[in-house]
Protein chains: 2
Amino acid sequence: MTRASSRRPGPPTRTERGIPEATVARLPVYLRALTGLSDSGIATASSEDLATAAGVNSAKLRKDLSYLGSYGTRGVGYDVEYLRYQIAREIGVTQDWAVVIVGIGNLGHALANYSGFGTRGFRIVALLDADPNLIGERIGDMEVRDFAELEDIVKADRVSIGVITTPAGPAQEVCDRLVAAGVTSILNFAPVVLSVPDGVDIRKVDLSIELQILAYHEQRKSGEAGLPEVPELPAMNGLTDLPSVGGGVGA
Amino acid sequence: MTRASSRRPGPPTRTERGIPEATVARLPVYLRALTGLSDSGIATASSEDLATAAGVNSAKLRKDLSYLGSYGTRGVGYDVEYLRYQIAREIGVTQDWAVVIVGIGNLGHALANYSGFGTRGFRIVALLDADPNLIGERIGDMEVRDFAELEDIVKADRVSIGVITTPAGPAQEVCDRLVAAGVTSILNFAPVVLSVPDGVDIRKVDLSIELQILAYHEQRKSGEAGLPEVPELPAMNGLTDLPSVGGGVGA
DNA sequence: CCGATTTTGTTCTCACGTTCACAAGCTCCT
DNA sequence: AGGAGCTTGTGAACGTGAGAACAAAATCGG
């Protein structure tokens, strides 16, 4: 059925199995929405129903799903279980992915305990930290192990995803070690920009950035007319008078 | 080719002080990069330097900054402290924002302890939960208070930002209460789609979605040629045989 | 069996975001 | 002082994404 071309050679940018990144980012949302409908005993849902459950508009949802194939039935809608399976397969969560968490501070602790972590598809195989005081501590049914064991663990359990929950300082080094050990996907919670070689995917979750984005819009709302009115040259007391120790320009 | 000449010559879409959303999302990154440079004693930086520190390309960075005004000096670069101040002001973190955290489970705990939270600009004024067993518990220098006190706290401290770290179940109700109390910006960690009235901003941080996006790309890498090869009609044993209790189409 | 009705899949258009390329403007050296 | 050398700010091309609209396909009632 896939009438790939047969049209104008104009925009052939449709990579045969390349799904737009924006769509990929929404597929997990659809998956969750479908799971919710399924749990409610709903067997069939229209794009409108699904879109409402997922918080998007129905045209966008239909277009997104069309990248996966024609899994709906015109005049009827989508079979919830069937579509759920197809999306899960496309995302890759029909198989299990081994995950290590590095940095067992407050956040690492929270993630280790987060049951919803394994929304099926992900299996935490190790909690790692370099702090001797933490090594050996039990969290749930796991035990914190020495970061030095990383390479062995990655090889033994075929770990492909690493989660970094260390402070900013050691994050890049941890990242390098993960990559060297063979991890090819990283989820970073440390507030730094990590650099990785090509072929390694990295995603960032940054609390303070999210808050700052909210603050920007908040300022717009409350201070609609009360903005600081652009102090082009504010009192730079003590700001520009830095020692200029190693500045690229400082004398 | 481009016969778009019939359009308006000058796209006045430049809302006088309207900064593109994509740019807003990067400003906090620039702010952090500038702070890092500042801490290193760097007084001046070129767009190339900054772009490297922020993990973006320099053209994008320059365009982003141009929305704020002309704060650089041609042939020289940007004064680190001055630019930092301007971005901080634009985002709104030169003032303090009062924040409440609702749901003091593992994640709420972690956030409450997260010192970097107050990367200056944000002040946690209350930790709330509805569980009597948690109320009164001390976390750092704060104490968990009853969610019922929400309205009083919001009014007293002029809280405009709420962070939801409850499980999925109560999240929407908590959200509604926050909005009713006057909170106009929400950061949601619960794995549900929340609906809010116009005028309320909401941002979502979702661990399992991030992991699933990584999984998708990971599958592409490892299984380049070994994909399940589209089982158009997989064994739907027990999947389509649901009771179809409330399906819009059942019967 | 056929037309009315429903809902998908797709096309088209517009808006947004990214990148390139270069003129404008600043500093420094001769 | 004047030109060489940088670096910013921006105009224009390009690519991606969103939404409206509609033709195609399936069901259902008569």
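Can you tell me how much longer the chain between residue B:115 and residue B:59 gets when fully stretched, taken as 0.36 nm per residue apart minus their C-alpha distance, in nm with one decimal?
Here the answer is 16.8 nm.
Check residue B:55: other-chain or 5+ apart residues with amide H under 5 Å from its amide H, H built from backbone geometry?
Answer set, sorted by chain and number: none.
Once you average over the residues of B:67-78, how many Cβ atoms of partner chains fall within 10 Å of each Cβ?
Mean shielding by partner chains, rounded to a whole number: 1.
Provide a whole-number value for the mean count of partner chain Cβ atoms within 10 Å of the Cβ atoms in peptide B:84-97.
5
Calculate, for region A:21-88, the solvent-accessible area per residue in square angstrom, rolling a 1.4 angstrom probe over the heavy atoms of the protein chains.
Counting only protein heavy atoms, the per-residue value for region A:21-88 is 43 Å².
Within a 10 angstrom radius of each residue's Cβ in B:198-210, how many Cβ atoms of other chains show up on average? Whole number is fine.
Other-chain Cβ atoms within 10 Å of each residue's Cβ, averaged: 6.
State, as an integer percentage, the relative contact order of region B:97-207 based on alpha-carbon contacts under 8 Å between residues 6 or more apart.
Rounded, it is 25 percent for region B:97-207.
Show me A:144-153, B:197-206 ranked by packing, highest mean number of other Cβ atoms within 10 Å first.
A:144-153, B:197-206
Each residue of region A:177-185 in turn: what ³J(HN,Hα) in whole Hz from Karplus with 6.51, -1.76, 1.60 and θ = phi - 60°, glycine and Pro shown as x?
4, 4, 5, 4, 6, x, 6, 10, 9
Ignoring ligands, DNA and RNA, what percent of the accessible area of region B:21-89 is carbon or sulfur (1.4 Å)?
The value for region B:21-89 is 49 percent carbon and sulfur by accessible area.
Amide H to amide H, which residues 5 or more places from residue B:160 or on other chains are under 5 Å from it, using H placed in the peptide plane?
B:98
If r is the Cβ-Cβ distance from residue A:152 to residue A:25 and R0 is 30 Å, what FRET efficiency results, to the nearest 0.05?
With a Förster radius of 30 Å, E is 0.35.
Give the calculated FRET efficiency between residue A:40 and residue B:173 to the nearest 0.05, with a Förster radius of 30 Å applied to their Cβ-Cβ distance.
Rounded to the nearest 0.05, the efficiency is 0.95.
Take the Cβ-Cβ distance between residue B:181 and residue A:143 as r, set R0 to 51 Å, and report the resulting FRET efficiency rounded to the nearest 0.05.
With R0 = 51 Å, the Cβ-Cβ based efficiency is 0.75.
Run the label-point distances for residue A:222 please: 7 Å along Cα to Cβ, every other copy, nanometres, shortest first.
For residue A:222, the other copies' label points sit at 4.8 nm, shortest first.
Show me the ranking of peptides A:64-75, A:207-218 by mean Cβ neighbours inside 10 Å, starting with the highest. Let's see the in-between values first.
Details: A:64-75: 14.4, A:207-218: 22.0.
Highest to lowest by the protection proxy: A:207-218, A:64-75.
If the reach is capped at under 16 angstrom between alpha carbons, list the aspartates and glutamates near residue B:60, excluding any in the same chain fewer than eight residues apart.
Once the sequence-local aspartates and glutamates are set aside, what remains near residue B:60 is B:21, B:48, B:49.
Can you tell me which lysines have their Cα less than 24 Å from the Cα of residue A:155? Leave out same-chain residues fewer than eight positions away.
Qualifying lysines at Cα under 24 Å: B:221.
At residue B:181, with labels set 7 Å past Cα in the Cβ direction, how many nm apart are the copies from this one, shortest first?
Its label point is 4.1 nm from the equivalent points in the other copies.
If you take the square roots of the eigenvalues of the alpha-carbon gyration tensor of region A:97-207 and sort them as a ≥ b ≥ c, do you get rounded (a/c under 1.5), prolate (a/b over b/c) or oblate?
Here region A:97-207 falls in the rounded category.
With N set to the number of residues, divide the alpha-carbon radius of gyration of region B:21-89 by 2.2 N^0.38 Å and report two decimals.
This ratio for region B:21-89 stands at 0.96.
Taking θ = phi - 60°, what integer Hz values does the Karplus form 6.51 cos²θ - 1.76 cosθ + 1.60 yield along region A:209-216, in sequence order, with x for Gly and Pro?
3J(HN,Hα) across region A:209-216, in whole Hz: 5, 4, 5, 5, 5, 5, 4, 4.
Whenever you get a sec, compute what percent of the accessible area on region A:144-219 sits on carbon and sulfur atoms (1.4 Å probe).
Whole-percent figure for carbon plus sulfur exposure: 51.
List, shortest first and in nm to one decimal, how far the label point of residue A:95 (7 Å from Cα along Cα→Cβ) is from its counterparts in the other copies.
Residue A:95 label point versus its equivalents elsewhere: 5.3 nm.
What does the buried accessible surface come to for A and B, summed over both chains, with the probe at 1.4 Å? Round to 100 Å².
Buried: approximately 7800 Å² between B and A.
Can you work out the PRE-style zone for residue B:133? Point 7 Å along Cα to Cβ, and I want the residues of region B:156-175 with backbone N under 13 Å.
Under 13 Å, as judged by backbone N against the label point of residue B:133, lies no residue of region B:156-175.
The values are calculated or read from the model by the stated rules, or taken from the named source; none is laboratory data. Nothing here was measured: the structure is a model prediction, and the numbers come from that model. Counting neighbours? That spans all protein chains shown, and the Cβs are built from the backbone with ideal geometry, glycine included. Just so you know, the surface numbers come from the protein's heavy atoms only, side chains and all, with ligands and any DNA or RNA stripped out. Shrake-Rupley method; radii C 1.70, N 1.55, O 1.52, S 1.80 Å.
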